[in-house]
Amino acid sequence: QPRGALSYATLAALARRAGLPRAPEALVATPEEAARAARRLGFPVALKVVAPDLPHKTEAGALALGLGSAAEVRAAGARLLRRARGAKVEGLLVQRMVEGSEVLVGVTRDPTFGLLLVIGAGGVQAELRRDIACRPLPVSRSEIVGMLGDIRTLGALRGFRGAPPADVPALVAAIAGVARLAESLGDRLASLDVNPIVVRPRGRGAFAVDLLAVLSDGPAAS
């Protein structure tokens, strides 16, 4: 594997082996295949262009959300591929929409401490709120629970203004899966972004809806 972003198909397969729950999805090549996949997965769906040189899909116009019919998926697929012209496109990712609280989880390589697990508010809030917790890998599940408790903006996971509590045990299990995935990628891992993990109400799970891993040229010093 050359330096740079790991292919999505490879990364998704490794994520499954690491026990990281994923939203139901299919990686396809054409808008028509995307429409057929959406029928199998069930509406509404999200549609994304998978391309290593388009890491920020919203800003690149490479993402369509809440598509409710095969016709909408076909039209969105054609539109997104036109916008991504010139990018190194791996395909179109069709993903069943999952709603809930968003949590950013990632791993970055620090020159002193090695791989660091980072947790914070997810989605578009991740870059606006620097309310994060980080800890060197490996981590235990009890340490993950402690990290979540250190993040003020994730206090709403316990229930806020009548909203039901989130499925925190499922979130902890998913974060443990991110840690296992990072460790399985070995010494060449430079960074791993899982933004966001969507946490549903208690008993309904937590699911990663985006993945990006970047490899370095060779084993990194730590």
Which pairs have Cβ atoms under 9 Å, sit 6 or more apart or on different chains, and link a residue in the range 27-53 that is within 12 Å of VAL73 (Cα to Cα) and of a type in the set (Phe, Trp, Tyr) to one that is at pLDDT 95 or above and open to solvent by less than 10 Å² (accessible area, probe 1.4 Å)? PHE43/VAL73
Residues of the range 1-16 being among the polar types (S, T, N, Q) and part of a helix (DSSP H, G or I), in sequence order, are THR10
For the range 194-210, what are the residues that are surrounded by fewer than 19 Cβ atoms within 10 Å (Cβ to Cβ) and at negative phi? ARG200, PRO201, ARG202, ARG204
Scan of the range 1-26 for residues that are open to solvent by less than 30 Å² (accessible area, probe 1.4 Å) and farther than 16 Å from LEU192 by Cβ, ordered by number: ALA23, ALA26
Quick one: would you say GLY19 is assigned to a loop (DSSP other than H, G, I, E, B) and touching a helix residue (DSSP H, G or I) at 6+ places or on another chain (Cβ under 6 Å)? yes
Filtering the range 112-139 down to residues that are crowded, with 18+ Cβ neighbours inside 10 Å and at pLDDT below 90 yields ALA121, GLY122, ALA126
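The values are calculated or read from the model by the stated rules, or taken from the named source; none is laboratory data. Small disclaimer: the values here were computed from a predicted structure and weren't measured. Note that each Cβ is placed from the backbone with ideal geometry, even for glycine, and that neighbours are counted across all protein chains shown. Calculation scope for accessible area: heavy atoms of the full protein, side chains included, ligands and nucleic acids excluded. Shrake-Rupley method; radii C 1.70, N 1.55, O 1.52, S 1.80 Å.
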